[in-house]
Structures are given as C-alpha cells and as structure tokens.
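Working notes, beginning with the structure itself.
What follows is calculated from the coordinates using simple rules that are stated; it is not laboratory data. The structure displayed is predicted, hence computed values, not measured ones. Note that each Cβ is placed from the backbone with ideal geometry, even for glycine, and that neighbours are counted across all protein chains shown.
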Amino acid sequence: SEHEPFHTEWDTNTFQEQEYEWYGVISDSSDQKYEFYTHINVDRTPPSIQIVSPKENSIFQNEVDISLLANDNIALDLVELFIDNISKSTVSVKEMHYIWNAETAVSGQHTIKAKALDKAGFVTEIKTSITLDRFPSIEFVSPKDLQTVSGIITITAFVKDDIQIKKQELFIDNI
C-alpha cells in the first residue's frame, strides 16, 4: 500500500557546489529492505556565455557568422540564440555556430542575444549589436547600354542604398 511521501529538509548553502550521492533504506514490517541511491547536484552559480563572433558594432552585407561559447560549473542545460528577440537556434552543447542569411532582413542595426541556462535553472544573457549595410547600386536609365548618341545628352541613373548615399560620381572611360 502507498503511504504519504517522506520529507526532509537539506540546507544546500552549507555544502560545496558539486554532485552528492544520497543513500536510503526502506524497511517494511516483515523486515524486507530496499536500498536506493540518488544523485543531486548543488549549484548556486549561473552559467557563463560569450558571443565569440560577431564583435560589437560590426558591419555586414548579407551573411552573418555567429559563434557562441557557454560554460557552467556543474551542468549546462541549453544555449539559445536570438536575433532581434526571435529565437533562431537552441542547442544543449557548450558551443554554437550559426550562419544568419540576412538577405531579407532590413538594413540598419540588429541585436544578437545569447542565453545560457544551467540545470539548476540559472540563466545568463548577453547582447551585441551589428549593422546590416548593403552595397549601393546604380541603374542607368538613359542612354541605354550600347545606345548611339550625338550632341549634348542627359545621363540619367537611379542610385540606391539601404542606408544613405554619401557621394555620386560618373566617369567616362575611367577619366
């Protein structure tokens, strides 16, 4: 028959952070004994996490190579990567490597956040900012490619950049 659970308190604050083995014996009225073991980790230290790459304020065009490194003194549970507060990847190992294809992302500043969680439930988060800045482009409207012209003509072109055009220059035969 089942009985009420047995309770005891353990003040882990007086113990070192490590794994402990608990041993117990249960005896019934006919002196049958059952021995049991369980292992419990004492952990009061949050995990550490580092964004190895990219470095703060780096500038990228389309692809961002992200590397994270996490550690814990007892047992790491998971490492999670966020880009602009959207979860992109979760692993249960210390190292994470992720390639962000940012071709469809808006240009400008973006936040990369890394989160480490240990088995005791402690969480550590860090953030870094990067900027997406794509190459400027130009589209010649007139005259068209290989068009024959004479006299005074107007050269028309559309220039485009995802952030801001600083300077516009046109050259004839690199002169």
task = Return the FRET efficiency for the residue pair E2, V42: r is the Cβ-Cβ distance, R0 is 25 Å, and the value is rounded to the nearest 0.05.
result = 0.25
Shape call, segment 82-175: gyration tensor on alpha carbons, a/c limit 1.5 = prolate
ask   = FRET efficiency for I86 and D11, Cβ-Cβ distance as r, R0 = 41 Å, nearest 0.05?
value = 0.50
Cβ-defined net charge surrounding D72, 15 Å radius [Lys, Arg +1; Asp, Glu -1] = -4
inquiry  = Whole-Hz ³J(HN,Hα) for each residue in segment 3-8, computed from phi via Karplus 6.51 cos²θ - 1.76 cosθ + 1.60 with θ = phi - 60°, x for glycine and proline: what do you get?
reply    = 10, 4, x, 8, 10, 8
ask   = In nm, what is the difference between 0.36 nm times the number of residues separating Q168 and S27 and their Cα-Cα distance?
value = 41.9 nm
ask   = Tell me, what are the semi-axes, in whole angstrom and largest first, of the equivalent ellipsoid of segment 7-79 as set by the roots of 5 times the Cα gyration tensor eigenvalues?
value = 48, 14, 8
query = Counting trypsin sites (Lys or Arg not before Pro) as exposed when in a DSSP loop with at most 16 other beta carbons within 10 Å, what is the longest stretch of the chain free of them?
reply = 1-43
request  = Divide, for the chain, the radius of gyration over alpha carbons by 2.2 N^0.38 Å, where N is the residue count.
outcome  = 1.96
task = Report the label-to-label distance for I59 and T154 in nanometres (one decimal), using points 7 Å from each Cα along the Cα→Cβ vector.
result = 3.3
message = As a quick test, which of the pairs K55/K166; K88/K167; K115/K160 have an alpha carbon distance above 31 angstrom in this structure?
response = K88/K167; K115/K160
message = What's the longest uninterrupted piece of the chain once you rule out the GluC sites (Glu not before Pro) that are loop residues per DSSP with at most 14 other Cβ within 10 Å?
response = 104-168
